[in-house]
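Here's the structure, in structure tokens; my notes come after.
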Amino acid sequence: MTEHFGNGWQQILANNNLANFDALWTLKSDWFEEPNIRRGGWSGVIKYPLATPNSIIDVFIKRQENHITKTLLHPVNGIATFQKEFRNIQLLTNKNIPTLELVYFGLRDKQAILISKSLEGYNSLDSDIFQNIAYQQKRALLSKVAITTANMHHWHFQHNGFYPKHIFVKPSGNEWDVRFIDLEQLKRTPLRKQAVIRDLYTLCRHAQDHWSTKDRLYFFKIYVNETKLSDKSKILWKLVEKKVLSKLK
């Protein structure tokens, strides 16, 4: 069996009588998301409050059994999808790319548990609350998301599900705090351009209801760190926009 605790969380879990895999696996609570059942396996999520000396902290406890994904290193038997997500959280965290705060990961045979701290105060980019924010606030938001995305791609990470609903943000003074979630499909690519085109296309296509063409162009300029697009960047921008428009038609 494999177990990993996030920094400072082992004692908190123990204080809540959740010190080990068995206690977490048998914990009774209503489902936050109904279990996903497929090919003889299942995966489900609960939201659970943990008592700390100073406050109550909500965490998401994801449990699954026989829920497998195949990888290059495990092309036949595959690995638990939460095991892949756990590794990807570690990869992004090690490169200072903001994502979920890991509380616990456990793996026993075909059973897996992944716990992360709830993103309290954050909202996904597809939330309606961003429809009416002030101009400068929106520009600051677009800038922070663009810079964080560029950093992710700098390390050749391709999210593969880069939808607005998987980007969570929270105001922090005059800036924004950004977190990327849902990392089950994230991978490293030998060619950075592959990650850039796939993720920018996905984000721009699904941000249509919230971002105007000017918003998307501003985001892209910050992403490539250019106030005036170079010929190379113009080609990339036109390619992304062409793919977006083609899909919409």
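The values are calculated or read from the model by the stated rules, or taken from the named source; none is laboratory data. Computed from a prediction, not measured in an experiment: that's the story for all the values here. FYI the Cβ positions are ideal-geometry reconstructions off the backbone, even for glycines, and counts take in every protein chain you see. Calculation scope for accessible area: heavy atoms of the full protein, side chains included, ligands and nucleic acids excluded. Shrake-Rupley method; radii C 1.70, N 1.55, O 1.52, S 1.80 Å.
Examine the range 43-55 for a residue that is open to solvent by 70 Å² or more (accessible area, probe 1.4 Å), basic (K, R) and either in contact (Cβ under 8 Å) with a residue 12 or more places away in the chain or part of a loop (DSSP other than H, G, I, E, B) (or both), and state whether such a residue exists.
So far as the range 43-55 goes, yes, one or more of its residues are open to solvent by 70 Å² or more (accessible area, probe 1.4 Å), basic (K, R) and either in contact (Cβ under 8 Å) with a residue 12 or more places away in the chain or part of a loop (DSSP other than H, G, I, E, B) (or both).
Give the range 35-64 a look and list any residue that's farther than 16 Å from L102 by Cα and either among the small types (G, A, S) or touching a strand residue (DSSP E or B) at 6+ places or on another chain (Cβ under 7 Å) (or both), or say none.
Selection gives P35, N36, G40, G41, W42, S43, G44, A51, S55, I56, Q64.
For the range 125-143, what are the residues that are in a helix (DSSP H, G or I), under 14 Å from D177 (Cβ atoms) and touching a residue at least 40 places away in the same chain (Cβ under 8 Å)?
S143
For residues that are open to solvent by less than 70 Å² (accessible area, probe 1.4 Å), part of a helix (DSSP H, G or I) and over 16 Å from D215 (Cβ atoms), tally how many sit in the range 149-165.
4
Kindly indicate which of L236, L229 is on the phi < 0 side of the Ramachandran plot, surrounded by 15 or more Cβ atoms within 10 Å (Cβ to Cβ) and not in a helix (DSSP H, G or I).
After ruling out the rest, the residue left standing is L229.
Conditions (1) open to solvent by 60 Å² or more (accessible area, probe 1.4 Å); (2) touching a Pro at 6+ places or on another chain (Cβ under 6 Å); (3) over 24 Å from Q137 (Cβ atoms); (4) in a loop (DSSP other than H, G, I, E, B), marked per residue:
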site: Q185; (1), (2), (3), (4): yes, no, yes, yes
site: P190; (1), (2), (3), (4): yes, no, yes, yes
site: Q194; (1), (2), (3), (4): yes, no, yes, no
site: L203; (1), (2), (3), (4): no, no, no, no
site: D215; (1), (2), (3), (4): no, no, no, no
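Run V59 past the list (1) touching a Pro at 6+ places or on another chain (Cβ under 9 Å); (2) within 23 Å of D199 (Cβ to Cβ); (3) among the β-branched types (V, I, T) and report the number of the one that doesn't hold.
Here V59 clears every test but (2).
If we scan the range 166-175, do we find a residue that is in contact (Cβ under 8 Å) with a residue 40 or more places away in the chain, surrounded by fewer than 18 Cβ atoms within 10 Å (Cβ to Cβ) and among the charged types (D, E, K, R)?
For the range 166-175, residues in contact (Cβ under 8 Å) with a residue 40 or more places away in the chain, surrounded by fewer than 18 Cβ atoms within 10 Å (Cβ to Cβ) and among the charged types (D, E, K, R): present.
From A146, A112, grab the single residue that is outside any strand (DSSP E or B), touching a helix residue (DSSP H, G or I) at 6+ places or on another chain (Cβ under 9 Å), surrounded by 17 or more Cβ atoms within 10 Å (Cβ to Cβ) and modelled with pLDDT of 95 or more.
Going through A146, A112 in turn, the sole match is A146.
Can you work out which of the residues in the range 115-158 that are within 14 Å of the chain's Cα centre (by Cα) and polar (S, T, N, Q) is nearest to I57 (Cα to Cα)?
Out of the qualifying residues, it is S118.
Filter the range 9-35 down to the residues that are open to solvent by 30 Å² or more (accessible area, probe 1.4 Å) and either among the charged types (D, E, K, R) or within 16 Å of R108 (Cα to Cα) (or both) and list them by number.
Hits for the range 9-35 are A19, N20, D22, W25, T26, K28, D30, E33, E34.
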